[in-house]
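Report on the following structure.
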Amino acid sequence: MNLILTQEVAGLGGPGDVVEVKDGYGRNYLVPRGFAMSWTRGAEKQIVTIKRAREVRDVRDLGHAQEIKGQLEKLTVKVPARAGAGGRLFGSVTLSDVVAAVKASGGPDIDKRRIELPGQIKTVGAHSVTVRLHPEVAAKIALDVVPS
């Protein structure tokens, strides 16, 4: 089954890429979740639009990714969250919370789809989050979750 990816899929490709996957994977996972759409001649024309939008969002090159990595790793990012008496959060820290905290601490704009959480962050304290800026560059951000 041929599909056009609309979002980044780990191990498969990025937006605008035409990939061939097994029928069940495409029909039951990629298409229903909006990660891909069926490949047709009409849809192939949308590839140009998807790739153009991707280029605007993407990091320009390896040097630019290294520069952003340096900025991110210097930051001390504090994420305020509602917490109970034992230090457990009411809910968890989301990708949007991390993006807002990085922006509030003076960091660059980052796409939330590039952030990799190590799991759900449900406690107050220090945590580490990875931001995949380029296929060869990943930055580690030190998060400090504080009760609000």
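A residue that is surrounded by 15 or more Cβ atoms within 10 Å (Cβ to Cβ) and modelled with pLDDT under 90 occurs nowhere in the stretch 87-95.
The rows are residues; the columns are (1) under 21 Å from His134 (Cβ atoms); (2) polar (S, T, N, Q); (3) under 23 Å from the mean Cα position of the chain (by Cα); (4) outside the structural domain of Pro135 (by TED's automatic domain parsing).
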| site | (1), (2), (3), (4) |
| --- | --- |
| Thr6 | yes, yes, yes, yes |
| Val9 | yes, no, yes, yes |
| Leu12 | yes, no, yes, yes |
| Val18 | no, no, yes, yes |
| Gly24 | no, no, no, yes |
| Pro32 | no, no, yes, yes |
| Ser38 | no, yes, no, yes |
| Ala43 | no, no, no, yes |
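If you scan the stretch 54-77, which residues turn out to be modelled with pLDDT under 90, β-branched (Val, Ile, Thr) and outside any helix (DSSP H, G or I)? Val59, Thr76 - these are the residues of the stretch 54-77 that are modelled with pLDDT under 90, β-branched (Val, Ile, Thr) and outside any helix (DSSP H, G or I). Taking only the stretch 86-113 into account, find how many residues are in contact (Cβ under 8 Å) with a residue 24 or more places away in the chain, touching a Lys or Arg at 6+ places or on another chain (Cβ under 7 Å) and part of a helix (DSSP H, G or I). Matching residues across the stretch 86-113 total 1.
Residues in the stretch 133-145 that are farther than 13 Å from Val98 by Cα and either of a type in the set (Phe, Trp, Tyr) or surrounded by fewer than 18 Cβ atoms within 10 Å (Cβ to Cβ) (or both): Pro135, Glu136, Val137, Ala138. Of all residues in the stretch 118-132, count the ones that are surrounded by fewer than 17 Cβ atoms within 10 Å (Cβ to Cβ) and modelled with pLDDT under 90. Residues in the stretch 118-132 being surrounded by fewer than 17 Cβ atoms within 10 Å (Cβ to Cβ) and modelled with pLDDT under 90: 2 in total.
Would you call Val79 touching a residue at least 60 places away in the same chain (Cβ under 8 Å) and in contact with a helix residue (DSSP H, G or I) (Cβ under 7 Å, 6 or more places away or on another chain)? Spelling it out, Val79 is indeed touching a residue at least 60 places away in the same chain (Cβ under 8 Å) and in contact with a helix residue (DSSP H, G or I) (Cβ under 7 Å, 6 or more places away or on another chain).
The values are calculated or read from the model by the stated rules, or taken from the named source; none is laboratory data. Bear in mind that the values here come from a model prediction, so they are computed numbers and not experimental data. Note: ideal-geometry Cβ built from the backbone for every residue, glycine included; neighbour counts use all protein chains shown.
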